[in-house]
Structure formats: C-alpha cells, structure tokens
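Every number in this text was worked out from the coordinates using simple rules, so none of it is lab data. Bear in mind that the values here come from a model prediction, so they are computed numbers and not experimental data. Every residue, glycine as well, gets a Cβ built from its backbone with ideal geometry; the counts of neighbours run over all protein chains shown.
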Amino acid sequence: MEIVEQNNMSQPDLPGSKDRKLGIIIVVIVVVVLALGGVAWWWSSKPGGQKLPSEVINNQVPVVDEDEGKDKVVGKLFLEPGSVEVKKGENLTVAIYFSTGGSDLAAVSAAVTYDPKKLQLVGETDYTKASMSIGMPEEKKSGWLIMTRGQMGDGDWQDSDDGFNGDRGLMAKITFKTLESGETTIGFDTNESKLILDDAKGTAIKTELETGTYIIK
C-alpha cells in the first residue's frame, strides 16, 4: 500500500478540471445555503428570536482568526481492501473511505485511477451507506472515475456538529471486473481529489492518498 501526500503547489489543469472545480464549489454553496436557511428559521421561530442576544449588544465580541490552524489539518483518502488476491474474470469490489483529520468537511471529491487493461468498471457506483448525502453527477472515462459528495454544514469547521467529521467516512463502493493476470493498482489523482472544509470558503485541506495493490491470478 502506497501513501502519497498531495502537493499543494499549482499544477496544470487537466481537461474538464475547471468544470469539476465548479461542481465542488456548487456543492459547497448548496451546503452553506441550506445550513444558513435552517439557522435563520430556527432563530426566527424562537420566542423573541428576532432580537439580538443581550451579550452581543452589551459586550464587544472578540475577533477570531478563522483560518488559524487550517494548514495543520491533514485528511486521508483510502481503499478497503487495500490489497487482495482475486482470480482473473472475477469481480473486485473496493470501498472508498476518507478521514477528516479531526475537522468538519463540507465536500469530498475523489478521482479514482486504475489500469483499464486490467480492470473494467461494472455496474453502478454504490452510495447506499455513503456518509455524505448530497451528490454531483459522476465523470467516467477509461481509467478514471470522478465523484463528488457533500454534506450540509454551517461554515464552522471546528464545531464538530455539521458537515462530516470522522476517521472512516464512506464515500462509495465500486466494482471492477478483472481482465488480465498480474499486479495492478487503484489510486487517486493528486490534482482532482480534494477534501473541502466546512468553512464556507471551499478550503481544501492537505490529503494523504493511499494506493491499493491487487494481484490478479
């Protein structure tokens, strides 16, 4: 199993990457709008809820650096199983998981890469038990599967009560048919795979990308 840490330096955009980035931004916007709408409804429905709390009126609210600590958050995208042996012609199903690094995430984009000479995607992606409920259309091409999921947040990446926060969030399950004997890998593209904080800014955190190794007999 190989672990690759994303390089946050600017790199050339791949074909279609701008559309995928726009898709991630749209998911984050939808998540934030839903959250703010819910907060507004809750506040207005409280008795006297339209009035500002006295502690805000009478006291000076301290200024907090909302970006402090973001550069220290490290998430992870990984596969299970990370290695296994399978017979040629049989199906191989892998689950895509993510770890949030202890912070709330609003969206996840996973660009799965594989060798189309040895593996062929079959069936539909299984989101049945996905940890994030909002989805964008997938992009499929030879050797690639790109998926994006989101979860309603509140713009606060440290409060642990919105978005998703955990060490084992399920993105989806995908199934391949094995085509040729030999060793093959399934991994994540470093440019297109991103974990997005629930900070209403679309901030991508540092992400470790684990590569799975599989033996086809």
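All other residues with a Cβ under 10 Å from the Cβ of ALA130 taken together, and with Lys, Arg as +1 and Asp, Glu as -1, what is their net charge?
Details: positive: LYS129, ARG149, LYS173; negative: ASP126.
So the surrounding residues net to +2.
Taking the convex hull of the Cα atoms, report for the range 85-210 its projected area averaged over all directions, in nm². Show your work: numbers first, answer last.
Numbers: hull surface 30.9 nm².
Result: a mean projected hull area of 7.7 nm².
With charges set only on the Cβ (+1 for Lys and Arg, -1 for Asp and Glu), what does the dipole of the range 113-187 come to about its Cα centre, in debye to the nearest 20? Provide the component values of the computation, followed by the final result.
On the way: 9 positive and 13 negative charges, 122 e Å.
Dipole size: approximately 580 debye.
Counting Lys +1, Arg +1, Asp -1, Glu -1, what net charge surrounds VAL112 among other residues with beta carbon under 11 Å of its beta carbon?
Details: positive: LYS140; negative: GLU138, GLU139, ASP189, GLU192.
Local net charge: -3.
Counting other C-beta atoms within 10 Å, which of GLU180, GLU138 has the fewest, and how do the rest follow?
Numbers: GLU180 11, GLU138 15.
Result, fewest neighbours first: GLU180, GLU138.
Can you sort VAL73, VAL112, VAL122 by how many other beta carbons sit within 10 Å, fewest first? Display every interim value, and only then the final one.
Details: VAL73 19, VAL112 25, VAL122 12.
Ascending number of Cβ neighbours within 10 Å: VAL122, VAL73, VAL112.
For a label point 7 angstrom out from the Cα of THR128 toward its Cβ, which stretches of the range 87-119 have the backbone nitrogen within less than 20 Å?
Within reach of a label on THR128, which here means backbone N under 20 Å from a point 7 Å along Cα→Cβ, the range 87-119 contributes 91-98.
What is the order of PHE78, PHE188, fewest Cβ neighbours within 10 Å to most?
Details: PHE78 19, PHE188 25.
By the 10 Å Cβ count, ascending: PHE78, PHE188.
What ranking do 153-159, 201-207 get when scored by the average of other Cβ atoms within 10 Å per residue, highest first?
Numbers: 153-159: 20.4, 201-207: 18.9.
The packing order, highest mean first, is 153-159, 201-207.
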